[in-house]
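Below you'll find the structure, written out as structure tokens, and then a few comments.
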Amino acid sequence: MSTVRSLTASCRLPRLETRMLLEQALRRPRAWLLAHDDEPLPEAAVQLFLGWVRRREAGEPMAYLLGEREFMGWVFEVTPDVLIPRPDTETLVETALDIIRDRSGVRVLDMGTGSGAIAISLALACPGAVVHASDASNAALAVARRNGERLGAAVQWRQGDWYAALADVEPGFDLIVSNPPYIACEDPHLVLGDLRFEPATALTDGADGLRDLCAIVQGAGAWLRPGGWLWLEHGWDQAPAVRALLQAHGFAEVSSRCDLAGTERISGGRL
Ligand SMILES: C[S@@+](CC[C@H](N)C(=O)[O-])C[C@H]1O[C@@H](n2cnc3c(N)ncnc32)[C@H](O)[C@@H]1O
């Protein structure tokens with residue numbers, strides 16, 4: 001008979017990952033695992049755990065095995081249809097909140113919403129905002145919708161290619177944010193680590209990494225109100241190129257902000 005103690009002892013994963021997978025397979029909190037560590041476990045839960053261990057050993061991200069990831073203090077459902085939200089992206093949300101906080105009726109658009117992490121975090125932190133979010137992927141939007149419903153966030157979801165998704169939406173946004181695919185298709189990181197398991201269409205634009213960033217900057221003028229802001233997440237070496245794009249398309253107050261590692265991670269400007 002397997003117990004928490006025997007499974008933990010025989011598992012080659014890091015202890016924290018072993019514990020998280022056991023908690024999820026048994027649907028029990030850490031305190032239960034500690035208090036019942038030599039009790040025989042249900043066979044179905046043991047098999048679920050062992051299956052996850054094999055997949056984790058093959059490199060599958062913990063977030064996909066657990067089916068969730070925390071972002072801005074909220075737990076988001078994630079599936080292989082969506083990018084796993086990254087802590088770096090919280091810089092984009094915090095910058096957006098600096099602009100929209102306490103502004104009732106402020107209109108916000110999150111493009112390429114994936115799990116809905118950005119749009120939902122903004123809607124929850126700023127209940128007076130009117131938040132729209134779009135994605136080209138119907139499968140991603142299904143996850144985003146479920147997250148919005150479960151977390152109680154009012155977001156208007158749209159499917160389609162960048163601004164084409166907004167066919168029935170009034171222009172005049174106060175803020176557009178996006179964390180688009182910005183990895184160049186030739187980048188060797190795409191075949192390493194977690195990225196191997198995430199949707200390619202969420203990671204790379206299939207070109208030099210600037211194509212989608214460029215499309216979003218180019219189209220923003222028609223969708224922002226005068227004085228509205230555009231903030232974009234981008235790659236570690238793309239800040240100068242994104243600032244130049246913003247300036248070339250009539251944005252003022254152009255600047256970049258660093259992520260938790262001190263890398264210029266987001267750039268934005270005001271129309
Ligand atoms: C890097 S992921 C960001 C996901 C989420 N916003 C986050 O930060 O965790 C990029 C998202 O853009 C979407 N996307 C890719 N190409 C698109 C396009 N042409 N139009 C709209 N969305 C697109 C992908 O489906 C994916 O969900």
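Assign unit charges at the C-beta atoms only (+1 for Lys and Arg, -1 for Asp and Glu), then state the dipole size of region 181-257 relative to its Cα centre in Debye, rounded to the nearest 20.
Details: 5 positive and 10 negative charges, 71 e Å.
Around 340 debye, computed over region 181-257.
Using the charge dipole of region 4-58 (Lys, Arg: +1 at Cβ; Asp, Glu: -1 at Cβ; taken about the Cα centre), state which of 58, 42, 31 has its Cα farthest towards the positive end.
The Cα lying farthest towards the positive end belongs to 58.
Explain nothing, just the number: dipole magnitude of the chain about its Cα centre with +1 on each Lys and Arg Cβ and -1 on each Asp and Glu Cβ, in debye rounded to the nearest 20.
Values: 26 positive and 36 negative charges, 99 e Å.
Using Cβ point charges on Lys, Arg, Asp and Glu, the chain gives about 480 debye.
Gain in length, residue 258 to residue 60, computed as 0.36 nm per residue apart minus the alpha-carbon separation, to one decimal in nm?
Details: separation 198, 0.36 × 198 = 71.28 nm, distance 2.85 nm.
Taking residue 258 through residue 60 to full extension adds about 68.4 nm, to one decimal.
In percent, what relative contact order does the chain have, based on Cα pairs under 8 Å that are 6 or more apart in sequence? Can you show the working numbers first?
Working: 497 pairs, mean separation 38.6, N = 271.
About 14 percent, as a whole number.
Mind checking Rg over Rh on region 222-271, alpha carbons, Kirkwood formula for Rh? Don't skip to the answer; put the middle values down first.
On the way: Rg = 10.8 Å, Rh = 10.9 Å.
Rg/Rh for region 222-271 comes to 0.99.
When the Kirkwood radius is taken over all Cα pairs of the chain, what Stokes-Einstein diffusion coefficient follows at 20 °C and 1.002 mPa s, in µm²/s?
Details: Rh = 19.9 Å.
In µm²/s, the coefficient is 108.
Per the helix-only calculation at 222 nm, which mean residue ellipticity applies to the chain, given -39500 (n - 2.57) for every DSSP H run of n ≥ 4 and division by its residues, nearest 500 deg cm²/dmol?
Numbers: 11 runs with 103 residues, N = 271.
Calculated at 222 nm, the ellipticity per residue is -11000 deg cm²/dmol.
Take the solvent-accessible surface of the protein heavy atoms, probe 1.4 Å, and return the percent of it on the chain that carbon and sulfur atoms account for. Mind showing how you got there, number by number?
Numbers: 6690 of 12580 Å².
The value for the chain is 53 percent carbon and sulfur by accessible area.
Any chance you could tell me what percent of the C-alpha pair distances in region 166-271 go past 21 Å? Don't skip to the answer; put the middle values down first.
Values: 2069 of 5565 pairs.
Percentage above 21 Å: 37.
With a 1.4 Å probe and every protein chain left in place, tell me how much accessible area residue 118 has, in Å² to the nearest 10.
10 Å²
Only Lys, Arg, Asp and Glu count, each charged at its Cβ (+1, +1, -1, -1), so figure out the dipole size of region 132-214 about its Cα centre, rounded to 20 debye. Intermediate results must be reported in sequence, preceding the final value.
Working: 6 positive and 13 negative charges, 76 e Å.
Roughly 360 debye, rounded to the nearest 20.
Select from 234, 190, 92 the residue farthest towards the positive end of the dipole of region 81-270; place +1 on Cβ of Lys and Arg, -1 on Cβ of Asp and Glu, and compute about the Cα centre.
Sorting the options by dipole projection puts first 92.
Which value, in Å², gives the accessible area per residue of the chain when a 1.4 Å probe is used on the protein heavy atoms?
Values: 12580 Å² over 271 residues.
Normalised by residue count, the accessible surface of the chain is 46 Å².
The values are calculated or read from the model by the stated rules, or taken from the named source; none is laboratory data. None of these values were measured; they are calculated from a predicted model. Using ideal geometry, Cβ is built from the backbone for each residue, glycine included, and neighbour counts are taken over all protein chains shown. Remember, those area values only see protein heavy atoms, side chains included, never the ligands or the DNA or RNA. Shrake-Rupley method; radii C 1.70, N 1.55, O 1.52, S 1.80 Å.
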